[in-house]
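Everything below concerns the one structure shown next.
The values are calculated or read from the model by the stated rules, or taken from the named source; none is laboratory data. Computed from a predicted model, the values in this text were never measured in an experiment. When we count neighbours, we look across all protein chains shown, and the Cβ atoms used for this are built from the backbone with ideal geometry, even at glycine.
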Amino acid sequence: MNEPQDFPICLQLRGKRVLLVGGGKLATLRLGSLLEVGARVRVVAPQVSAEIEGHARSGAVFLERRPFMAQDCDGAFVVFSATDDRGANRAVVEAARARGILVNAADAPELCDFTVPSIGRQGFVTVAVATSGQAPGLARVLRHRLMAHVGPEYALLARLLGRLRRRVPGGPRRTRIISQIIERGAAELIARKDRRGLRTVVRQAFSSEEAQ
C-alpha cells in the first residue's frame, strides 16, 4: 500500500477565526505565521511565552490563560494544537473533529487533518515545501535553497501580472499573454531595473496575440 500523501492547498485566513492551543515555542512560531496572513487568533493556554503575551497586550490576539476545553473549538474556521503534551494535542484534535473543523497538531502528523509546509515568502510569491509531515528538517533545507533563487524581482512581477489579470478577460488568451511575459525574461528585466525592456516585453506579448 502506498504511503498517504498531502494534498497542497493555500488557505485564505485573513479575518477568519483561528484557535491556537498552546503557549510555548511551537505555539509562538505558529502564531507568527497566522498573524502574518491576517488571521483572527484566539490563544488558549495556562502559560504563554513573552512574545504571545506581548501580542495579547497589543490586541493582536485574544488570550485566555487556562486549560483547553472542547467548546473552545466552537466557531473556529481551523484549529491548531501546539502543546508539548501529546495527550492534550489528541484532546484538541478529537474536539475539533467532532465539530467538523480541520485541525493540525504540531509535530504529530498522524493526528493531523493537514500539515503545515516550510514556508518562504517574497511579496505575493510563496514557496512551500512539504514532506507529508515526515521530515520537516528536510523541508526547511529545501525551502532555503529554493528561496535563494527567488529575489524581490519575482514579488514585483507577481504584482504586475496580478494587475494584468484584472484588466484582461480570463481565458486562453490571457494565459498565453502572461506565459509570454514570464518566458521572455520579465523577472530578469525587473532585477536589472530595465523598465524600457519590460514595457517592450509586455507590448510584444499583447502584439503576438493580436496578430493571431
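Numerical summary
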quantity	calculated
Index of the failed condition, Glu36 passing every other in (1) among the acidic types (Asp, Glu); (2) surrounded by fewer than 16 Cβ atoms within 10 Å (Cβ to Cβ); (3) over 16 Å from the mean Cα position of the chain (by Cα)	(3)
Any hit, the range 169-181, residues being closer than 30 Å to Leu34 by Cβ, of a type outside the set (A, V, I, L, M), at pLDDT 95 or above and not in a strand (DSSP E or B)	no
Residue under evaluation Arg140, criteria (1) in contact with a Ser or Thr (Cβ under 7 Å, 6 or more places away or on another chain); (2) in a loop (DSSP other than H, G, I, E, B); (3) charged (D, E, K, R), criterion not met	(2)
Residue that is nearest to Val44 (Cα to Cα) [pool: residues in the range 90-113 that are part of a helix (DSSP H, G or I) and either under 16 Å from the mean Cα position of the chain (by Cα) or modelled with pLDDT under 95 (or both)]	Leu111
Test: Gly22 is closer than 26 Å to Gln134 by Cβ, touching a helix residue (DSSP H, G or I) at 6+ places or on another chain (Cβ under 9 Å) and in contact (Cβ under 8 Å) with a residue 40 or more places away in the chain	yes
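Residue by residue, here is whether (1) more than 30 Å from Glu94 (Cα to Cα); (2) assigned to a loop (DSSP other than H, G, I, E, B) holds:
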site: Thr115; (1), (2): no, yes
site: Tyr154; (1), (2): yes, no
site: Arg165; (1), (2): yes, no
site: Glu188; (1), (2): yes, no
site: Lys193; (1), (2): yes, yes
site: Arg199; (1), (2): yes, no
site: Arg203; (1), (2): yes, no
